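In what follows, a structure is listed as structure tokens, so that the remarks can point back to it.
The values are calculated or read from the model by the stated rules, or taken from the named source; none is laboratory data. Model, not experiment: these values are computed from the prediction. Cβ placement follows ideal geometry from the backbone for every residue including glycine, while neighbour counts extend to all protein chains displayed.
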Amino acid sequence: MIDIQMKELEEKIAAVKHSIGQNESSKLFSLTKKIENKDPLLIFEGAKQFVKDRFYWKNPNRTLAITGVGSVQTLIAENNRFQETENLWKQAVKNAWIDNPYTMVPATGLVAFGGMDFDPLEAKTELWKKFELSKFYIPELMLTTYHSDSYVTVNILINKEETIDEAATRLRKNTQKFITGKTFGVQHIEIKRNRVIEPEKWKETVKEATKEMKEKRAEKIVLAREVRLSFTEEINITQVLEELHHTQANSYIFAFESGGDCFIGATPERIVKVEKNNLLSTCLAGTAPRGKTKEEDEQIGYELLHDKKNRDEHEFVVKMIKEAVLKTCTDVNIPNEPVLHPLKNLQHLYTPVTGTLKDEYSIFDCLKDLHPTPALGGTPTEDSLAYIREHELLDRGWYGAPIGWVDSNQNGEFAVAIRSGLIQGDEASLFAGCGVLADSDPEMEFEETRIKMLPMLNVLGGKQE
Ligand SMILES: C=C(O[C@@H]1C=C(C(=O)O)C=C[C@H]1O)C(=O)O
Ligand SMILES: [Mg+2]
């Protein structure tokens, strides 16, 4: 249980109540405490019986995990998603009473976690109907695990009308309910049906795109496709998260529930991380499989580092991110050559980008400038997006877009939501894309996307590879 004396809590609530303005009916109270270590997945599982909307996040080096349950305030943008979300977030922070003694610990205190559509101009289909253009939760309860310490944050709306005693009791009850957690059993997932959506037509689209580039109407276009699965029973998200954690090193693990559907994945791609004014972005593009032996693996890695098509794919991303970051940062540092980024099923070309974010820019400004990078859109951005809108067979929804969190202390981190799937009860869609250039071979690009789906497919009962 959260360690706080009733008297101390009542004093805090009295102060919050006192601060409610004449024209306000309530105030968001955010209270953070350090607690004995808890397993983030047990909290995630336990919350299922009380709330529909949960989120989960783990960073690639596993120093930070965030579990959020419920939403005390949901930030939904209607048009200009980056600017609107930032405005809503700033307003929420301004209106809240934040009691967080651990402001040096990222992702404690008031935090918003969410994601957004890849392309607001793409026609929406039934598939993504539960996901708004952009949606961020400020959770009712959040567990932050940073290095080996755990922190719990409870967010509640204190009403002007309720007594201090009522509010304190409500806060304690809520905390107790969510912090107890629940263990989960091992589910043996069985795929009933695995439907690759229009593979031949997809290859045809890739071929068409290569023509587009030969005729110099674009230089790179990223094309994605979908696989639809159905299972013998409903999928337990907690177990999928645990399996992703065990199988996908060097990747973010994320989940975001909305209206009963869950967008989930294990992505190696960071779009931007901001810690105070330190910025880190990543160029990740160019792909090859892993070898079966160490020698074969090193040989494939060497070839990837020296392959012209993959280096070109990568370079488009470096160029675009460099331009964007030079605008918002000083002290920009970008190595001249990429290195290999090994994953379980494949390896990528990787170039880190660091800089010092100028005071006048926020993480939302960075997202606006960076998304979509040519790792997910193409070059030039607008022409490739127009091509994707018109020709891609898939409604990308939140696939390929930023997903992540911000706190009220100038920290935040967003990944690019790839290697992901949308779980809808006993069905799921998996997504994967690839960078198409003028000399792309449709069969090879198809194979690349097949391998990119394996991380999700394997934890959903697919054949191990
Ligand atoms: C688009 C995806 O991945 C992107 C495309 C890559 C490529 O084509 O080489 C590599 C990494 C990602 O930037 C995906 O996994 O869905
Ligand atoms: Mg590629």
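Things worth noting here:
- Number of the exception - E298 against (1) in contact (Cβ under 8 Å) with a residue 24 or more places away in the chain; (2) among the charged types (D, E, K, R); (3) within 29 Å of D439 (Cβ to Cβ); (4) away from ligand 2 (no atom under 13 Å from the Cβ): (1)
- From the options E36, E24, residue that is over 17 Å from the mean Cα position of the chain (by Cα), closer than 20 Å to M104 by Cα and surrounded by fewer than 20 Cβ atoms within 10 Å (Cβ to Cβ): E36
- Filter result for T183 (out of contact with any helix residue (DSSP H, G or I) (no Cβ under 6 Å at 6 or more places or on another chain), surrounded by 15 or more Cβ atoms within 10 Å (Cβ to Cβ) and in contact (Cβ under 8 Å) with a residue 60 or more places away in the chain): no
- Qualifying residue in region 429-452 (condition: away from ligand 2 (no atom under 16 Å from the Cβ), closer than 30 Å to S230 by Cα and touching a residue at least 12 places away in the same chain (Cβ under 8 Å)): yes
- Boolean, V353 is of a type outside the set (G, A, S), buried (at least 17 other Cβ atoms within 10 Å of the Cβ) and more than 13 Å from ligand 1 (Cβ to nearest atom): yes
- Number of positions in region 193-217 that are of a type in the set (A, V, I, L, M, F, W, C), assigned to a helix (DSSP H, G or I) and out of contact with any Pro (no Cβ under 7 Å at 6 or more places or on another chain): 3
- G377 being within 16 Å of ligand 2 (Cβ to nearest atom), under 18 Å from the mean Cα position of the chain (by Cα) and surrounded by 21 or more Cβ atoms within 10 Å (Cβ to Cβ): yes
- L244 vs. criteria away from ligand 1 (no atom under 14 Å from the Cβ), at negative phi, touching a helix residue (DSSP H, G or I) at 6+ places or on another chain (Cβ under 6 Å) and not assigned by TED's automatic domain parsing to the domain that holds I66: yes
- Candidates L437, L430: the one that is among the hydrophobic types (A, V, I, L, M, F, W, C) and more than 20 Å from R193 (Cβ to Cβ) is L437.
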